[in-house]
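Please treat every number below as a calculation from the coordinates, not as lab data. The structure displayed is predicted, hence computed values, not measured ones. Cβ: placed from backbone, ideal geometry, glycine included. Neighbour counts: every protein chain shown.
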Amino acid sequence: INCIGILTSGGDAPGMNAAIRAVTRAGIAAGLKVKGIYRGYEGLINNEIQDFTTENVSNIIQRGGTILKTARSKEFLTPEGRKKAYDNMVEQGIDALIIIGGNGSLEGARIFAEEFDVPCIGLPGTIDNDLSGTDSTIGYDTTLNTIVQCVDKIRDTATSHERIFFIEVMGRDAGFLAQNSAIASGAEAAIIPEDSSNADQLEQFISRGIRKSKSSSMVIVSESPKCGAMYYADRVKKEYPEFDVRVSILGHLQRGGSPSAYDRILASRLGVGAITALREGQRNVMIGIKNDEVVYVPFCNAIKSDKPVKKELINVLGILSI
Ligand code: F6P
């Protein structure tokens, strides 16, 4: 392998720039030519590719978002789109791809790698933390901290007005952000997709007679098209009209901002790990972190949607929110 292409794909996540920097610099240090591919797979299809030097990645470790831009490419889902991408890769002399992204992006890499026998290495870049085989994904820690800062602020109003707040956080189908931000912010409950007793959780929360002992409360709700924060707030308003209920949907402010030290270090380690993996002849693996060790996780295992939210975390919140 002489030349690698690097791209970011799917939702942006804080720390993606630190990963781009690490891959670029580690690649150059290993004697490889590095090319930046803009707008994810879309840029590979449209040939938006630029040679990268160490200067291209100067002064970006602290910046949120991704300097390479990102997209969710519909065309790459088609065989014709992937063929165009492959042809451009060959024309550009790119021998291997490094993909920084979440579930959908690594699934795309898996298919592409199989179809064209192209070495692909993935880095877990998503705020959702929903990739298996890694303890954390790039962006998750920063987002968790952002949510906690927001909940702390909302708590001031909740306390002053003696209200119940339902705060909706991102995570797609995963409850890591909701569960852990609830613990870290001292919220009364978290409603997450992994726990099928969502409705019971709400009942428990109400029946605990929260207003008897506390004059305000915070419930963190994982986003969901059907039963997000609005749904639970409406239910409580109907059943308990005496409560003063409000909803706050945090939205995309959760994805922005300067990455935490943890995410910068994680992205740096995984970026260097990606180049090491390629040089060792690894193919079609995601670089992850497990028990503080860099690990290689085959794409098919990484994208399995079975990463559990630990029962222990659910217990901790339950015990501490009495
Ligand atoms: O996967 C990251 C994520 O922020 C999810 O938590 C959320 O469901 C989704 O992306 C939002 O996507 P978009 O920015 O396209 O609205």
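Tell me, what does the Kirkwood hydrodynamic radius of the chain come to in angstroms if you use every pair of distinct C-alpha atoms? Working shown, then result.
Numbers: mean 1/r = 0.0488 Å⁻¹.
One decimal place: 20.5 Å for the Kirkwood radius.
Only Cα pairs under 8 Å and 6+ residues apart enter the sum, and on that basis the relative contact order of the chain stands at 23 percent. Taking other Cβ atoms within 10 Å as a rough exposure proxy, T54, T24 sort from fewest to most as T54, T24.
Our estimate of slack between D195 and D173, defined as 0.36 nm per intervening residue step minus the Cα-Cα distance, is 6.8 nm. Would you mind telling me the antiparallel percentage of the DSSP bridges in the chain, rounded to 5? So the antiparallel bridges in the chain amount to around 25 percent. The M230 and K310 beta-carbon pair, evaluated with R₀ = 22 Å, returns a calculated FRET efficiency of approximately 0.20.
Using a Förster distance of 45 Å, how high is the FRET efficiency between D244 and I67, based on the Cβ-Cβ distance and rounded to 0.05? Intermediate values should be presented prior to the final figure.
Working: r = 45 Å, r/R0 = 0.99.
So the FRET efficiency works out to roughly 0.50.
Report the paramagnetic label zone for I111: residues of segment 34-65 whose backbone N is under 17 Å from a point 7 Å from Cα along the Cα-to-Cβ axis. Label zone hits: 40-46.
Given R0 = 25 Å, the distance between the Cβ atoms of E80 and C3 translates into a calculated FRET efficiency of 0.50.
Please give the calculated 222 nm ellipticity per residue for the chain, where each DSSP H segment of at least 4 residues contributes -39500 (n - 2.57) and the sum is spread over every residue; nearest 500 deg cm²/dmol? Spell out each step's value before the answer.
Values: 12 runs with 138 residues, N = 322.
Result for the chain: -13000 deg cm²/dmol, rounded to the nearest 500.
Among D156, D173, D12, D306, sorting on how many other beta-carbon atoms sit within 10 Å of each Cβ, with the fewest leading, yields D306, D156, D173, D12.
For segment 257-321, the list of GluC sites (Glu not before Pro) that fall in a loop by DSSP and count at most 15 other C-beta atoms within 10 angstrom reads E280.
Can you sort I99, I1, I164 so the residue with the fewest Cβ neighbours within 10 Å comes first?
Numbers: I99 29, I1 15, I164 25.
The most exposed by this proxy come first: I1, I164, I99.
With +1 on each Lys and Arg Cβ and -1 on each Asp and Glu Cβ, and nothing else charged, work out how big the dipole of segment 204-322 is about its Cα centre, in Debye to the nearest 20. It would help to have the intermediate numbers written out before the result.
On the way: 19 positive and 11 negative charges, 42 e Å.
The dipole of segment 204-322 has a size of about 200 debye.
Rounded to the nearest 20, the size of the Cβ-charge dipole of the chain about its Cα centre is 420 debye, with Lys and Arg at +1 and Asp and Glu at -1. Projecting the Cα atoms of I127, I147, G108 onto the dipole axis of segment 90-183, where Lys and Arg carry +1 and Asp and Glu carry -1 at the beta carbon, places I147 farthest toward the positive end. When the trypsin sites (Lys or Arg not before Pro) in segment 213-322 are filtered for DSSP coil states and for at most 10 other beta-carbon atoms within 10 Å of their beta-carbon, the remaining sites are K226.
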